[in-house]
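Asks: Let me give you the structure first, and then I'll get to my questions.
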Amino acid sequence: MAPLRVLCIHGYRQNATSFREKTGALRKLLKKHVELVYVSAPLSVQQANTEEVADKQNDSAPESGGDEDPRGWWFSDIKARSFNAQQQCEESLGLDESVTAVREAVKDQGPFDGILGFSQGAAFVAMLCSIQEQKLEPTFDFRFAIIVAGFRSACTQHQKFYNSPIQVPSLHVFGLEDRVIPDKMSRELLPSFQDPQVLIHPGGHFVPAASAHRQTYQDFLKRFQ
């Protein structure tokens, strides 16, 4: 049986290389069933200030050189070119470029069976599923989504993505000790999906991949094999 191919969308201030390193345990856990392919966001992020280091804290793997090129999928603060998941904003910056980057990845490295996102990347995956559902992007044909530490964007411009429940089958993964994206924010995204599956873990802001989680991932993925 050919492994499922899954496009992986990193968190804010990460990139394809660093996210690949941080999800080593997940790759190992799913290696017989899934091939994970990583793409970097197009937006270059300025050097961190303290409250903004969000996706790097509490991570499941030690920091590595990969994060020397921090990237993001959109900025909630257009002037500062920065992002905060809890920041209310009328307009964002960069989302169109990010959709284009995913379109190019699908064309160059696809096809993909599914898509996985973490943190800002998970919020972006929900938007991509909505774009696919509204048939706004003909290259998108994801059969499922895995959304880790996801949330609803607080940007007014993005509310159009949440108007009707997304039919793409989804597995939502979040941690009860997540201080970056509190589980309450992840729960608020659930009604945007039709029949979402949920995996709750006791930890913080990372992609969980302990043997205790294997069954949930495998049961979800089995439907698409």
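The values are calculated or read from the model by the stated rules, or taken from the named source; none is laboratory data. These numbers were taken from a predicted model, which means no experiment stands behind them. Cβ placement follows ideal geometry from the backbone for every residue including glycine, while neighbour counts extend to all protein chains displayed. Accessible surface areas use protein heavy atoms only, side chains included; no ligands, DNA or RNA. Shrake-Rupley method; radii C 1.70, N 1.55, O 1.52, S 1.80 Å.
Asks: Considering only the stretch 144-160, state which residues are under 23 Å from residue 113 (Cβ atoms) and either buried (at least 22 other Cβ atoms within 10 Å of the Cβ) or among the charged types (D, E, K, R) (or both).
Replies: 145, 146, 147, 148, 149, 150
Asks: Tell me whether the stretch 153-169 contains one or more residues that are in a strand (DSSP E or B), at pLDDT 95 or above and farther than 22 Å from residue 96 by Cα.
Replies: For the stretch 153-169, residues in a strand (DSSP E or B), at pLDDT 95 or above and farther than 22 Å from residue 96 by Cα: absent.
Asks: May I ask you to verify whether residue 204 is at pLDDT 95 or above, surrounded by 20 or more Cβ atoms within 10 Å (Cβ to Cβ) and closer than 21 Å to residue 14 by Cα?
Replies: no
Asks: Here are the criteria: (1) at pLDDT below 95; (2) closer than 24 Å to residue 101 by Cα; (3) in contact with a Pro (Cβ under 9 Å, 6 or more places away or on another chain). Tell me which single one residue 147 does not satisfy.
Replies: The failed condition is (1).
Asks: Still on this structure: I'm told residue 195 meets every condition in (1) within 19 Å of residue 84 (Cβ to Cβ); (2) acidic (Asp, Glu); (3) touching a Pro at 6+ places or on another chain (Cβ under 8 Å) except one. Can you identify the failing condition by its number?
Replies: In the conditions (1) within 19 Å of residue 84 (Cβ to Cβ); (2) acidic (Asp, Glu); (3) touching a Pro at 6+ places or on another chain (Cβ under 8 Å), residue 195 misses (1) alone.
Asks: Ok, one more. Can you pull out the residues in the stretch 132-166 that are more than 29 Å from residue 209 (Cα to Cα) and either under 12 Å from the mean Cα position of the chain (by Cα) or of a type in the set (Val, Ile, Thr) (or both)?
Replies: 139, 156
Asks: Give the number of residues within the stretch 100-131 that are out of contact with any helix residue (DSSP H, G or I) (no Cβ under 9 Å at 6 or more places or on another chain), β-branched (Val, Ile, Thr) and open to solvent by less than 10 Å² (accessible area, probe 1.4 Å).
Replies: Total satisfying the criteria: 1.
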